[in-house]
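Okay, so here's the structure we're looking at.
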Amino acid sequence: METFSFILIQTLNALSQASLLFFLGSGLALIFGIMRVVNFSHGALYMLGAYIGFTTARLTGSVWLAMLIAPLIVGLIGLLFEIGFLRHLYKRDEDAFLLVTFGLTLVIAEVTRLVWGAPPLQVPLPSGLDGVVFIFDEPMPLYRIFLIAAGGIASSIIWLFLERTRLGLLIRATSQNSQMVHALGTDINLIRSGVFALGCALAAVGGVLAAPSVTASLGMSSAVIDAFVIVIIGGMGSFLGAIFGSLIVACVQTFGNFFFPDFALVFLYALMLGVLIVRPGGLLGKEA
Amino acid sequence: MMRSKILGVLALVALILAPQYLPVYAMTLLTELVILALFAMSLDLMVGYTKLVSFGHAGAYGLGAYVCALLSLHTHIPLPFVVLLSALIVGVVAIGIAWSCTMATGVSFAMLTLAFGQLGYAVAIKWVSVTGGSDGLSGIPRRLGPFGWSQLTTKTGFYLFALACLFASYFFCRALIRAPFGQVLRGIRENEMKVLALGYNTRRYKIAVVSLAYLFAGMAGALYASFAGFANPEMLFWTVSGQVLIMVIVGGKGTLIGPMLGAVFFIMVEHKLSELTETWGLFMGIIFIGFVMFAPDGILGILNKKLLRRSGQQKASQTSDPSTAAGGHSA
């Protein structure tokens, strides 16, 4: 009974962590799938989401509203950046893209520091979710259960969108052969802008959701590494891979942190290296 | 070709004579500049010549600093040998890192280097008994040179020693990239599949160049630790990797000289802007984006274009020289 409840609690913790990682990783995977490039600013946008969430929550008093507004603003920033800068770089090699999004990371990090200051900011839990439930006499924050539900619902909706709608079909087609889609009369620039904005918005959702449990801090922009580990493990550009990758990474982080707190990071990188050696394209990736 | 050689000699003479004429404050800045120039140049071997973008170069820099700090604190090895030994140790450790990172290519490679860099940062913070945790190590002495030689440990002497390290490394790297080894690297940059098809084991070349780049970055880190008297985890943070990448791109990648100019530019902008405004990092980011978008060949690329336009006749002879044909490759 002891071990059973322990495993159950830790699994729930891992699932709530996986749900945060899913928002982070799936956006990166979608963007990579469409553009074949990595958005280095993903971690910075995740952080920006948390900070905008903080301000919205303070101004309106509602964290629920923050979960709506932060992704909208960050998505808009992503859209403008894609139209203003990234669009002109598709003909250059992938390094230019990586470097420009790195520059955006610097700008966002600096603007965030100027606007909100360096000390971490505490974001309150959304009203109605600040309670604790008991599972086998072990306390479990209600918020974590909410995170699991949110991750599950969001991943299902996005999956259905990609697999069952016409727009989703066009997105998948663009990721496979953008020139053919273009030749068949679809404006792929529009799809690229849209997907980039969607990916950025997803990162912001992750940021807002993470903020109450980790506080909004400048260090959040390093999350781009986590996001990338997820995408490497799951498979570059694969949406299902991103879900799978977030689950694996969350398990390694949760159980690793519990048993070997000092070595959890090493496990994660070892796992990534292992996947790269065995399947260079990632577990669910198509390219070898 | 002649012109760039004359300019180079003039710059070297000016740098050697600088301690005679510059005030102490300026000398401190200049020493830091020489060290950062070495750091930036080392990254150029990877980014500029082999198209291996690294977001974890601070790892090598910080490792060099910590190794140098530990050697200086716990042994009595003279300063020049400590710096060389630290660089060598970083170079050897880098073989393992390079072996892992070159498992992947392109963006994945960049992210793996970032992961290793962050791993180093985490180790520096967590392994308190050896690294001193987040405070780092301080009070690093400069041990007297071989045969009780004390000149190198003075302010001017240390500057000249750092300058010697920079120039020795520069000439080594220049010889390396002009040798067949360097041609293979450039081949990898332009078309790795083709080089592979010609029968070269490109992975081995990549491991070699990454190790060398890390070695020189480690030397820069070791110099910095001796210069500043401390080593802390901040030296390993990914923003440092970002800064050195900015120096390479803004200066002009694939030229060795360009990244040094980039380091000068970076330090000047940092000092000028940080006097005027606290937001200098923001402007740095914007300047960086501007260079990537509109001047991918950097400052040196712009200068070369101007030179070429002015001396239209010498065009042919200039572009045949690899050290001046900065922007040639991406055209």
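The values are calculated or read from the model by the stated rules, or taken from the named source; none is laboratory data. This is a predicted model, so every value here is computed, not measured. Methodologically, a virtual Cβ is constructed for each residue, glycine included, from the backbone with ideal geometry; neighbour enumeration extends over all protein chains shown.
Which one of A:154, A:57 is buried (at least 20 other Cβ atoms within 10 Å of the Cβ) and in contact (Cβ under 8 Å) with a residue 40 or more places away in the chain? Among A:154, A:57, only A:57 is buried (at least 20 other Cβ atoms within 10 Å of the Cβ) and in contact (Cβ under 8 Å) with a residue 40 or more places away in the chain. Applying the criterion of being more than 12 Å from every other protein chain (Cβ to nearest Cβ), in contact (Cβ under 8 Å) with a residue 12 or more places away in the chain and of a type outside the set (Asp, Glu) to the residues of the stretch B:263-296, the residue that is surrounded by the most Cβ atoms within 10 Å (Cβ to Cβ) is B:263.
Each residue in the stretch A:226-266 was checked for being part of a helix (DSSP H, G or I), over 16 Å from the mean Cα position of the chain (by Cα) and within 11 Å of chain B (Cβ to nearest Cβ), and 3 of them qualify. Within the stretch B:183-191, not a single residue is under 12 Å from the mean Cα position of the chain (by Cα) and in a helix (DSSP H, G or I). Those helices (runs of 4 or more DSSP H) of the stretch A:101-191 in which 1 or more residues are among the hydrophobic types (A, V, I, L, M, F, W, C), in contact with a strand residue (DSSP E or B) (Cβ under 8 Å, 6 or more places away or on another chain) and over 30 Å from residue A:35 (Cβ atoms) occupy A:142-164.
May I ask you to verify whether residue B:131 is crowded, with 19+ Cβ neighbours inside 10 Å, touching a strand residue (DSSP E or B) at 6+ places or on another chain (Cβ under 8 Å), among the hydroxyl-bearing types (Ser, Thr, Tyr) and more than 12 Å from residue B:214 (Cβ to Cβ)? Considered against the rule, which asks whether it is crowded, with 19+ Cβ neighbours inside 10 Å, touching a strand residue (DSSP E or B) at 6+ places or on another chain (Cβ under 8 Å), among the hydroxyl-bearing types (Ser, Thr, Tyr) and more than 12 Å from residue B:214 (Cβ to Cβ), residue B:131 comes out as yes. For residue A:3, the test of being at pLDDT below 90, surrounded by fewer than 17 Cβ atoms within 10 Å (Cβ to Cβ), more than 13 Å from chain B (Cβ to nearest Cβ) and touching a helix residue (DSSP H, G or I) at 6+ places or on another chain (Cβ under 8 Å) is failed. Restricted to the stretch A:76-126, and to residues there that are buried (at least 22 other Cβ atoms within 10 Å of the Cβ) and within 23 Å of residue A:213 (Cβ to Cβ), the residue that is farthest from the other protein chains (Cβ to nearest Cβ) is A:123.
For the stretch A:42-63, a residue qualifies if it is at pLDDT below 90 and polar (S, T, N, Q), and the qualifying residues are A:60, A:62. For the stretch B:124-131, the criterion of a residue being assigned to a helix (DSSP H, G or I), of a type outside the set (Lys, Arg) and without any contact (Cβ under 8 Å) to a residue 12 or more places away in the chain is satisfied by at least one position.
Taking every residue in the stretch A:107-122 that is closer than 13 Å to residue A:53 by Cα and pairing it with any residue that is surrounded by 13 or more Cβ atoms within 10 Å (Cβ to Cβ) and modelled with pLDDT of 90 or more, at least 6 positions away or on another chain, the pairs with Cβ-Cβ distances below 7 Å are A:112/A:47; A:112/A:48; A:112/A:51; A:116/A:51; A:121/A:54.
Kindly provide the set of residues from the stretch B:204-223 that are of a type in the set (Val, Ile, Thr) and buried (at least 24 other Cβ atoms within 10 Å of the Cβ), ordered by number. Scanning the stretch B:204-223 gives B:209, B:210.
For the stretch A:31-47, a residue qualifies if it is crowded, with 24+ Cβ neighbours inside 10 Å and more than 14 Å from chain B (Cβ to nearest Cβ), and the qualifying residues are A:45, A:46. If the condition is being closer than 29 Å to residue B:50 by Cα and in contact with a Pro (Cβ under 8 Å, 6 or more places away or on another chain), then the stretch B:109-151 contributes only B:121.
Here residue A:71 fulfils each of the conditions (1) at the interface with chain B (Cβ under 8 Å from one of its Cβ atoms); (2) touching a Cys at 6+ places or on another chain (Cβ under 9 Å); (3) not acidic (Asp, Glu) apart from (1). Take the conditions (1) part of a loop (DSSP other than H, G, I, E, B); (2) within 14 Å of chain A (Cβ to nearest Cβ); (3) touching a residue at least 12 places away in the same chain (Cβ under 8 Å); residue B:141 misses just one of them, which is (2).
Go through the residues of the stretch B:176-197 one by one and say whether even a single one is of a type outside the set (Lys, Arg) and farther than 19 Å from residue B:49 by Cα. Yes, the conditions are met somewhere in the stretch B:176-197. The residue that is nearest to the chain's Cα centre (by Cα), among those in the stretch A:191-225 that are more than 14 Å from every other protein chain (Cβ to nearest Cβ) and β-branched (Val, Ile, Thr), is A:205. Looking at B:162, B:115, B:122, just one residue is of a type in the set (Gly, Ala, Ser), within 14 Å of chain A (Cβ to nearest Cβ) and touching a Phe, Trp or Tyr at 6+ places or on another chain (Cβ under 8 Å), and that residue is B:115. Annotation: of all residues in the stretch B:270-313 being of a type outside the set (Asp, Glu) and outside any helix (DSSP H, G or I), the one that is modelled with the lowest pLDDT is B:311.
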